[in-house]
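Asker: One structure, as structure tokens, below. Some questions next.
The values are calculated or read from the model by the stated rules, or taken from the named source; none is laboratory data. Just so it is clear, the model here is predicted, and its values are computed rather than measured. Positions of Cβ are backbone-derived with ideal geometry, glycine not excepted, and every protein chain shown enters the neighbour counts. Protein only, heavy atoms only, side chains kept; ligands, DNA and RNA dropped before computing areas. Shrake-Rupley method; radii C 1.70, N 1.55, O 1.52, S 1.80 Å.
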Amino acid sequence: MKIVFGCDPNAETFKQQLMEYVKGLGHEVEDYGSEDPIYANTAFQVAEDVAAGKFDRGILVCGTGIGVSIAANKVKGAYAACIHDVYQAQRAELSNHANIITMGSQVIGIELAKCMVKEYLSCTFDPNGRSGAKVARITEYENE
């Protein structure tokens, strides 16, 4: 998969560690940086390119994961889930078809983050499964 990363300046080291881990899992990685102190700008760029299909998925990091999640979700076609544990990482894709995950470098450790990313990237949404109609309704509403 092609995975794009972005973060705020405070999460640069955390993001770099995650990117190396994801490369080690065999994925192609792109870095949209961390220089802009207005994290929303990086989140918008990641979300726009994921929604446009330039990347399969995105991973955003800030202090809590909340700010980048809110920003990314403003982009049509971007579905960002702020995750804090492995089960949420799994369900972000399986139940919600999230094309972006966000997390907080100041609230979770790097080893947990690696486990969450691995789980998220290992899952594939089934549009014919029990969550298909729920996710379809979200997309319908967005397009109304």
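For every residue, the table says whether it meets (1) surrounded by fewer than 18 Cβ atoms within 10 Å (Cβ to Cβ); (2) closer than 21 Å to P127 by Cα.
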site: C7; (1), (2): no, no
site: V50; (1), (2): no, yes
site: V75; (1), (2): no, no
site: K114; (1), (2): yes, no
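Asker: Shifting gears a bit: Before we move on, is A89 part of a helix (DSSP H, G or I) and within 12 Å of F5 (Cα to Cα)?
Answerer: Judged against the criteria, A89 is not a match.
Asker: D36 versus (1) assigned to a helix (DSSP H, G or I); (2) at pLDDT below 95; (3) not polar (S, T, N, Q): which is the lone unmet condition?
Answerer: D36 satisfies every listed condition except (1).
Asker: Hey, another quick one. What's the total number of residues in the range 1-33 that are part of a strand (DSSP E or B) and in contact with a Cys (Cβ under 8 Å, 6 or more places away or on another chain)?
Answerer: Count: 1.
Asker: What's the number of the only condition in (1) under 24 Å from S131 (Cβ atoms); (2) open to solvent by less than 70 Å² (accessible area, probe 1.4 Å); (3) assigned to a loop (DSSP other than H, G, I, E, B) that I108 fails to meet?
Answerer: (1)
Asker: For S69, all conditions in the list (1) modelled with pLDDT under 95; (2) closer than 20 Å to V135 by Cβ; (3) among the hydroxyl-bearing types (S, T, Y) hold save one; what is the number of the exception?
Answerer: (1)
Asker: Taking A136 as meeting all but one of (1) over 22 Å from T13 (Cβ atoms); (2) in a loop (DSSP other than H, G, I, E, B); (3) of a type outside the set (S, T, Y), write down the number of the exception.
Answerer: (2)
Asker: What do you reckon, is I38 over 19 Å from T13 (Cα atoms), of a type outside the set (S, T, N, Q) and out of contact with any Cys (no Cβ under 6 Å at 6 or more places or on another chain)?
Answerer: no
Asker: What residue, among those in the range 111-128 that are out of contact with any Ser or Thr (no Cβ under 9 Å at 6 or more places or on another chain) and in a loop (DSSP other than H, G, I, E, B), is nearest to L18 (Cα to Cα)?
Answerer: C123
Asker: Scan the range 81-95 for residues that are open to solvent by 50 Å² or more (accessible area, probe 1.4 Å) and either in contact (Cβ under 8 Å) with a residue 12 or more places away in the chain or among the aliphatic types (A, V, I, L, M) (or both) and report the count.
Answerer: Looking only at that region, the number is 5.
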